[in-house]
Structure formats: C-alpha cells, structure tokens
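Report on the following structure.
Here, each number is a calculation from the coordinates, and none is a lab measurement. Fair warning: this is a prediction, and the values are worked out from it, not measured in the lab. Neighbour counts run over all protein chains shown; Cβ positions are idealised from the backbone, glycine included.
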Amino acid sequence: MTDPVLSVRDLRTHFFTRAGVVKAVDGVSFDLAAGEILGLVGESGSGKTVTGFSILGLIDAPGRIVEGSVMLNGTELTSLPEAQLRARRGRDISMVFQDPIATLNPMLTIGQQMRLAINAHEKLGRRAAEARAAELLTQVGIPSAEARLRSYPHEFSGGMRQRVAIAIALLHRPSVIVADEPTTALDVSIQAQILYQMRDLAAQTGTALIWISHDLAVVSSLATRLAVMYAGRIVEQGPTATLLRDPRHPYTAGLIASLPATSKPGEPLAQIPGTTPSLLSLPPGCPFAPRCARQTPACTEEPALTIEADRGWRCFHPVGQMHEEPA
Amino acid sequence: MSDQSTPLRRFWAEFRENKVAVVALVVMVLMGLLALFASVVSPQNPYDLANLSLMDSRRPPGFVGSGGYTHLLGTDPQGRDLLSAIFYGLRISIQIGLAAGFVSLTIGTFLGILAAYLGGRIETLIMRMVDLQLSFPAILLALVIVAMLGQGKAQLIGALVAAQYAYFARTAYGAAKAERGKDYIEAAVATPLSTRLVMLRHLLPNCTPPLIVVATVQIANSISLEATLSFLGLGLPVTEPSLGMLISNGFPYMMSGRYWISVYPGVALIILIVAINIVGDQVRDQFNPRLRR
C-alpha cells in the first residue's frame, strides 16, 4: 500500500457540556490512500459527523479535539493555527454537506459563487475561473454547464444542487473530500447516479473520499473500505466486500442482518434490540455489550483492537470465529 | 433562462396585479418629478424674496395677484404662491427624506451585519446601543439633537439619521444572523476568503429584501418626522420652507377662515406619505413568503 494521504490516529473529540463530558469521538484511527473511498457508517450519534468535522478542524466550543493526530499529506492538522488551516480547507481538503439548500448562497449565481470559491485560494481571471467552473460542472454531470453558470440555486433541483456542491468541493483538486451524508436528502434514483459518478471521479482524480452515511446499503455500493462506528469508536474496519460477507463485530453483523435486501419478503426485518446508549453514561467496557447477544462478563473490559490481515475489530466474541451463536 | 424570468421582471409582474399600489407608485413618481422640476413647473420662485409682495399675502385660491397670474391654491402670509411653495417644499421634504433614509440605511446595515458576523462583545455592544436607542421615541431624540446641533439641512439629516439608523441595524442584524448559521456562510468562513468578501458577497445580498421594506417605510417616516420638526420650528430656515413649515405658517390663520395655507401643504404631505406607504406595503407583501398566493 502506498503512503496514505490522510492518516487519523487515536482521534478524540470531546464536548464539555454542562451535563458532563460527551466523548463524541473516542479513539478513532484510520488511513486513507489516494483514490480510496472510505465509508464511515453508524447510527445517529455514533460520532461519524463529528469525526468528519474534526478532520477539517471545524469543531466549535464547547467541543475540542483533546487528543490524537490528523496527518494530511504529512502535515499535522490538529496543531495547525486557524489561519493555516483555512488556507488548506477547500484546497487540500474539502467538504460536502448534507443539505444542498443551505450549502449554496441563494442570492448569487452558481458561476459567481464558484468564482468566489476559486479566488479564495488563487487569483484567477474571470475567464479562466469560469472555464474551470464549467469544466467541473460538466464532470459532475451537469449538462450545458456554461449556460448553467448564470443560473441561481433555486433554478436547480436538489440533486443538481448537490452536484454543484460536489463540483465546488472539487474546484481545487483536493487530496481528500469529506462528504457528510450528501445523498441522504435526495431521491434514491438520483442517489445512485451521484454515487456512481463520485466513484468514477475519485478514480480519475485520485481524490480520496470519506463518505459518511447511516445507510449501509448506500455506502457499501460505493466504498472500497468500510469503518463501522458505534458510540464514538470504530468497532470494525476492513475492505467492503470482506466486511459484508464475513462480519466479525456483532454490531456489524446486526447492521447487515437488518438490511431489507437480506431479509425474506413477508418476514419482519431483523432488528438490533435496544437503542444507542447516551454518550454521557456509557456502560463500562464494550459500549455495545448491553445490546449484544454474545455478551459475557468479560465485556465489562474495553476490548482491544484485533488486527487480521487488512481488517480489524474490537470484540471479545467476534462472529464467525471462536464459537457460533448460542441457539 | 434570462429572457422572461429575471427576478425584477417577476417582481414587477406581481406588483402590477395590485392596482392600488400601481396608482400609489404613479403618484409617488409624479410627486418626485414635481419636486425635481419644481423650478420649471412653479409659476413663481417662492425663495426669491424680490418676487414676493406683501400685498398678495393670505389671498384665497383663485386670486389674481400683482404678478399677473392666478394663485390656484392661494397665497401664504408672506405673499408666496402656495402652489409654488408646495412644489419647492416637496423638493426639500423628499430630499431630506431620501438623504436621511439612505445614510441611515448604510450606517444601520453596516452595524447590523458587523454585529451578526463578528458576534461576541462587539455584537453585544452594537445591539445594546441599538436597543437603548430604540427605547426612546424617535421624535424626542431628533428634537434633542436638532436643539443641540442647530438648524440647517445637514443638521436635520444628522438628527433623522441618529433617530432612525437603529431600525435598519435591527433589521439587518436579524436577517444576517439567520444567514450566518447556514452552511454556505460557515463554509466561506472556513476558507481564506476575506471577511470583507464574505460580508459583501454572501451576507449583504441575503439581507436586502427586509432592508428594502424597512427603507421605504423609513423614508416616509423621515419625511413626516422632518415635517414635525419644521412644524415645531426646529427644522429649516424660514426662507426655505418645507411642507411642515408651510403647515406651521398657516396654523395661526386656520380659525380665521384662511384654511388653505395649512390644509393644502398638509394634503400634499399626506398624499406623499400614504403613497410611499402603500408602495412599501406592497413590496413587503411580495417579499413575505407567508403572504404569497
């Protein structure tokens, strides 16, 4: 494997609220190679969005990155002063947000705001900037891009707006794009189109993607690697195909079992019992233990990371290994 | 895309549906033109004292004066042709209203957006100052300032601005604060785009609709506030009467049957202010998505 463009080590982002310390991200580590697509999956509140924001240094008070490192192309981002961080955001690393309505300025044409985004990092003449903007709009699949530069966001559909947002994220050919549930607000058919285009773009441009989603089905069709988050931790990580075929962590197994595609018609969908624990009062040891069918007294200890070839998991009783599920 | 449906054209098409507003707009424009060309359309220059004859003072409408022409609306105590005085007075009133409106729009918007953008202590400082100011009646504030600064156009405009910028600051602040939290502003702030550009290109354009509405209302308010100050004798010098001063000049004669000296300038003032307000209301309704049909 080549050197990773992004390397996150033991990242911990905590929120110091009046009710107590919320450990939204608690020891997350992963590597990302050029052109790779990492799917970051988890339920609401599992810390996937906070992970994305932490990588870009966008955590506001009362939150703070308390520990860990984020290396982008060999530069440590967590200790970088805000001014230098700003110089990198949008150029070396950029972000696509969930809501394509709030992402674009309703009063400026697409061309105007793309030019602003270009000029934030480099001085480029109007012509050159518009040519670049049009080129990227074409790349993300917007027809007659030249003419569309003069349109306002309200003249676009949701899917088109999200494509514009993606084009803006791509303007400076960043090494990494963090996409925070960018297709959640879109129709399923549009979702699929955008997913395939993103996969092609990542392959063409060498841009690595972190695709944050709660929808395992969506991410698994796109990502080369998956990282499953639970209660601020990555509980299992590995190549998508391996993980889907042969999950080790009971939570991953539960997620896969609850996919509508894996269940029989007419049968109720499989569920993971219980709900995500409050981050303020996590059980000791494995946070998933209270909902886990395989839990034993050993689970009150924090499970260490088990690494096997190109995958890893945090569980004392992994699925499909030592013993089978009790009948 | 650009031929039929520019925002301005759509705005006008909708505006046209309200006949009353169209009439008000026509009246407004007409009065503006009369004020602009006052020296052309007036039979007499009311500011040139050599033109005035005391023999012609306080004559009723229709009187043929020593100048040889008919005073359609009569004359005032100085022997001015009232129609001419109204045209010239209109000019001064509109001038002051517009000047005060635009200066307070600029200052207020700047302060409001700055407060919303920067937040923290500066936000508190600016907005508490605005709140403090809004707790005083505008007329009281304007009176005190004119009394302190003395009379004259610039002083009057200064007083009106001081009394009114707070409304713009409040409006701009509210609009900018709502936009400030949106992703596109957050994203712009996170990149090295200059603060000036974020405020000018991103924040300001999104605050304009409510500001236009407040501006129309406040221009009408400036005009009536100026008339009030002039009526109380704190406005402009007597030699250049605005509408308010004309009303004030005629006031002592109201009860002696010489109604026209006060009433006609008053009618002109009311028509102007009502017209501006109707247009302003229509603009507000069109900008308010909840009132959209």
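Quick notes on this one:
- Neighbour net charge for A:Asp26 - beta-carbon separation under 15 angstrom, K R +1, D E -1: +4
- Between helix B:260-287 and chain B there is an angle of about 20 degrees, using the helix long axis and the longest principal axis of the Cα atoms.
- In loop segments of region B:35-141 as defined by DSSP, the chymotrypsin sites (Phe, Trp or Tyr not before Pro) with at most 14 further C-beta atoms inside 10 Å of their C-beta are B:Phe37, B:Tyr69.
- Candidates A:Gln295, A:Gln112, A:Gln84: whichever shows maximal mean-square fluctuation once chain A is modelled as a Gaussian network with Cα springs under 10 Å: A:Gln84
- Shape class for region A:105-171: prolate, because the ratio a/c of the largest to smallest gyration tensor axis (alpha-carbon atoms, square roots of eigenvalues) is 1.5 or more and a/b beats b/c.
- Computed from backbone phi, the HN-Hα couplings of region A:124-136 come to 9, x, 4, 4, 4, 5, 5, 4, 5, 4, 5, 4, 6 Hz, rounded to whole numbers (Karplus: 6.51 cos²θ - 1.76 cosθ + 1.60, θ = phi - 60°; Gly and Pro given as x).
- Reach of A:Lys48 by Cα under 16 Å, taken over lysines that are not fewer than 8 positions away in the same chain: A:Lys23
- If both residues of a DSSP beta bridge must be in the protein assembly as shown, then about 65% of such bridges are antiparallel.
- Those residues of region A:190-230 whose amide nitrogen sits under 19 Å from the label point placed on A:Ala241, 7 Å along Cα→Cβ: A:196, A:199-200, A:203, A:217-227
- GNM remark for chain B: springs join alpha carbons under 10 Å apart, and the peak mean-square fluctuation among B:Pro46, B:Pro205, B:Pro61 falls on B:Pro205.
- Annotation for region A:101-187: GluC sites (Glu not before Pro) lying in DSSP loop with at most 16 further Cβ atoms inside 10 Å of their Cβ are A:Glu122.
- Residue-count net charge about A:Thr75 - beta-carbon cut-off 9 Å; Lys, Arg +1, Asp, Glu -1: -1
- Mean separation of Cα contacts under 8 Å, 6 or more apart, over the residue count of chain A: relative contact order %: 21
- Cα-centre dipole for the protein assembly as shown with unit charges at Cβ (Lys and Arg positive, Asp and Glu negative), debye to 20: 1220
- Within region A:110-151, trypsin sites (Lys or Arg not before Pro) in DSSP loop having at most 10 other beta-carbon neighbours inside 10 Å: A:Lys123
- Karplus-based coupling profile of region A:9-22, in residue order and whole Hz: 10, 6, 6, 10, 10, 10, 10, 9, 9, 5, 6, x, 8, 9, with θ = phi - 60° in 6.51 cos²θ - 1.76 cosθ + 1.60 and x standing for Gly or Pro.
- Percentage relative contact order, region A:105-171, counting C-alpha pairs under 8 Å, at least six apart: 45
- Anisotropy class of region B:10-152 from Cα gyration tensor, a/c 1.5 cut: oblate
- For A:Ile177, the residues whose amide H sits under 5 Å from its own are A:Ser94, A:Ala208, A:Leu209, A:Ile210, ignoring neighbours fewer than 5 places away on the same chain, with H placed 1.01 Å from N.
- For A:Glu67, distant residues with modelled amide H under 5 Å away: A:Arg12
- Residues whose placed amide H lies under 5 Å from that of B:His71, excluding near-sequence neighbours: B:Gly62, B:Phe63, B:Val64, B:Gly65
- 3J(HN,Hα) along region A:145-155: 4, 3, 5, 5, 4, 8, 8, 8, x, 5, 7 Hz, from the Karplus curve 6.51 cos²θ - 1.76 cosθ + 1.60 with θ = phi - 60°, whole Hz, x for Gly and Pro.
- From its DSSP helices (H runs of at least four residues, each -39,500 (n - 2.57)), the protein assembly as shown gives a residue-normalised ellipticity at 222 nm of -15000 deg cm²/dmol.
- Near B:Ser57, once Lys and Arg are set to +1 and Asp and Glu to -1 for all other residues with Cβ below 9 Å from its Cβ, the sum equals +1.
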